Every structure is written in C-alpha cells, then in structure tokens.
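Student: Please see the structure below; I have some questions.
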Amino acid sequence: MKWFAGRGHSVTGIDRSAEALRTAAAFGNVILADIENGPWPLMDGSCAQQFGAVIVTNYLWRPLFPLIGESLAPGAVLIYETFTQGNETVGKPSRSEFLLETAELPRIFAGLRMVAFEDGFLDDPPRFVQRVVAVRPDPRDVHDGAPARYRL
C-alpha cells in the first residue's frame with residue numbers, strides 16, 4: 001500500500017488482522033474483514049466494486065478467484081504473488097490447499113492478458129512462489145485497429 005500511495009494512488013487494504021490494518025491505515029482506506037468466512041466487503045449492490053489494480057500477496061483462498069477477477073475494471077492490472085508447490089520443503093505454508101499448482105494463476109485468470117509470469121524458487125527467505133501480472137482487456141482500447149498498448 002505504501003508504495004502505491006506514495007505515487008499518488010488511492011489504495012484500499014483488506015485484512016482480518018486489526019494490527020496489520022493499524023499500520024496500513026497511514027497509507028489509505030482499510031477494511032477489517034474475514035473474507036474467507038464472511039461476505040466480500042467490496043460489493044456495489046450485487047456486483048463487485050471495480051478497481052484500476054488488484055494486488056494480492058502471500059495469500060491464497062481459491063473461492064475468491066472469481067471475485068478478484070470481477071474486481072478488475074476494464075484495462076485494470078492484476079498483480080498476484082503467493083506460495084506454490086515445493087514450499088512445503090522449505091517452510092510454511094506447507095499444506096497443499098495453501099499452495100498453488102504449477103501455472104495455476106495463468107489458468108485461473110486465462111481471460112486476462114498475461115504480461116508476466118514466474119513460477120520458481122527465491123533464496124531470501126527461501127520460498128517457492130508464483131507471480132502473475134495481467135491486464136483485463138478493455139474493448140474501448142483500440143487505436144485505428146492497432147493492438148492495445150499496455151505499459152510495462
């Protein structure tokens with residue numbers, strides 16, 4: 001949150017930990033919510049609110065994948081990084097339900113334009129992760145028949 005807020009972006013953070021949100025509140029809006037056992041806190045009537053970017057780190061709750069996708073406005077960016085299979089050999093999380101399968105994020109978000117994908121091992125601290133950066137296509141982003149320009 002701090003990095004994006006420092007560049008002038010409006011940010012909203014969600015966590016079930018009031019302690020984590022106390023720190024995050026200095027950088028934007030915060031919502032205390034248990035998104036695994038309660039309702040999705042970012043609804044606009046019967047639809048998910050949409051944002052210019054959705055960032056998920058070190059978190060995996062597969063039932064939320066559809067809502068995460070719905071939360072992306074046309075042209076919005078998804079940045080998702082969390083632990084993947086193999087992490088059980090170096091630490092926690094180690095339970096399979098909290099570890100992504102090989103190339104799972106690109107499969108789940110196949111309707112998005114994949115800009116970057118990584119699936120591998122990082123040394124410090126030791127962990128197996130999967131990362132994706134993807135853009136929700138915006139059908140209005142056509143310039144005289146040329147392909148959309150997604151800034152890198």
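Student: From the list THR12, THR82, exactly one residue is closer than 22 Å to PHE117 by Cα and of a type in the set (Ser, Thr, Tyr). Which is it?
Tutor: Result of the check over THR12, THR82: THR82.
Student: Conditions: (1) part of a loop (DSSP other than H, G, I, E, B); (2) surrounded by 13 or more Cβ atoms within 10 Å (Cβ to Cβ); (3) modelled with pLDDT of 95 or more. SER94 meets all but one. Number of the miss?
Tutor: (2)
Student: Here is a list: PRO66, PRO106. Which entry is out of contact with any Pro (no Cβ under 7 Å at 6 or more places or on another chain) and closer than 22 Å to ILE35 by Cβ?
Tutor: None of the others qualify; the one that does is PRO66.
Student: I would also like to ask the following. Scan the range 2-23 and tell me whether some residue there is among the aromatic types (Phe, Trp, Tyr), touching a helix residue (DSSP H, G or I) at 6+ places or on another chain (Cβ under 6 Å), surrounded by 12 or more Cβ atoms within 10 Å (Cβ to Cβ) and outside the structural domain of LEU67 (by TED's automatic domain parsing).
Tutor: No, the range 2-23 has no match at all.
Student: Out of all the residues in the range 70-94, which are closer than 22 Å to GLY45 by Cα and either touching a Ser or Thr at 6+ places or on another chain (Cβ under 7 Å) or without any contact (Cβ under 8 Å) to a residue 60 or more places away in the chain (or both)?
Tutor: Hits for the range 70-94 are GLU70, SER71.
Student: Among (1) farther than 24 Å from ALA20 by Cβ; (2) in contact with a Ser or Thr (Cβ under 8 Å, 6 or more places away or on another chain); (3) modelled with pLDDT under 95, there is one condition GLN49 misses while meeting the rest; what is its number?
Tutor: Against the list (1) farther than 24 Å from ALA20 by Cβ; (2) in contact with a Ser or Thr (Cβ under 8 Å, 6 or more places away or on another chain); (3) modelled with pLDDT under 95, GLN49 comes up short only on (1).
Student: Let me ask something additional. Among the residues of the range 1-50, write down those that are of a type in the set (A, V, I, L, M) and either in contact with a Phe, Trp or Tyr (Cβ under 6 Å, 6 or more places away or on another chain) or over 17 Å from LEU64 (Cα atoms) (or both).
Tutor: MET1, ALA5, VAL11, ALA18, ALA20, LEU21, ALA24, ALA25, ALA26, VAL30
Student: Of everything in the range 41-73, what is over 23 Å from VAL115 (Cβ atoms) and buried (at least 16 other Cβ atoms within 10 Å of the Cβ)? Give them in sequence order.
Tutor: The one that is over 23 Å from VAL115 (Cβ atoms) and buried (at least 16 other Cβ atoms within 10 Å of the Cβ): LEU42.
Student: Give the residues of the range 112-127 that are within 15 Å of the chain's Cα centre (by Cα) and exposed (fewer than 11 other Cβ atoms within 10 Å of the Cβ), sorted by residue number.
Tutor: So the first thing to find is which residues in the range 112-127 are within 15 Å of the chain's Cα centre (by Cα), and the list is 112-118.
Residue satisfying the conditions is ALA116 alone.
Student: Mind checking whether some residue in the range 97-110 is within 29 Å of PRO126 (Cα to Cα), touching a residue at least 40 places away in the same chain (Cβ under 8 Å), of a type in the set (Val, Ile, Thr) and not in a strand (DSSP E or B)?
Tutor: Initially, the range 97-110 is screened for residues within 29 Å of PRO126 (Cα to Cα), giving 97-110.
Applying the additional criterion that residues be touching a residue at least 40 places away in the same chain (Cβ under 8 Å) yields 100, 108-109.
In the following step, the residues that additionally are of a type in the set (Val, Ile, Thr) were identified as 108.
Next, from what is left, pick out any that are not in a strand (DSSP E or B): 108.
Yes, because at least one residue in the range 97-110 is within 29 Å of PRO126 (Cα to Cα), touching a residue at least 40 places away in the same chain (Cβ under 8 Å), of a type in the set (Val, Ile, Thr) and not in a strand (DSSP E or B).
Student: With the condition kept exactly as written, say whether any residue in the range 65-78 is over 18 Å from the mean Cα position of the chain (by Cα) and within 17 Å of GLY13 (Cβ to Cβ).
Tutor: So far as the range 65-78 goes, no, none of its residues is over 18 Å from the mean Cα position of the chain (by Cα) and within 17 Å of GLY13 (Cβ to Cβ).
The values are calculated or read from the model by the stated rules, or taken from the named source; none is laboratory data. Source: prediction; values computed, not measured. Positions of Cβ are backbone-derived with ideal geometry, glycine not excepted, and every protein chain shown enters the neighbour counts.
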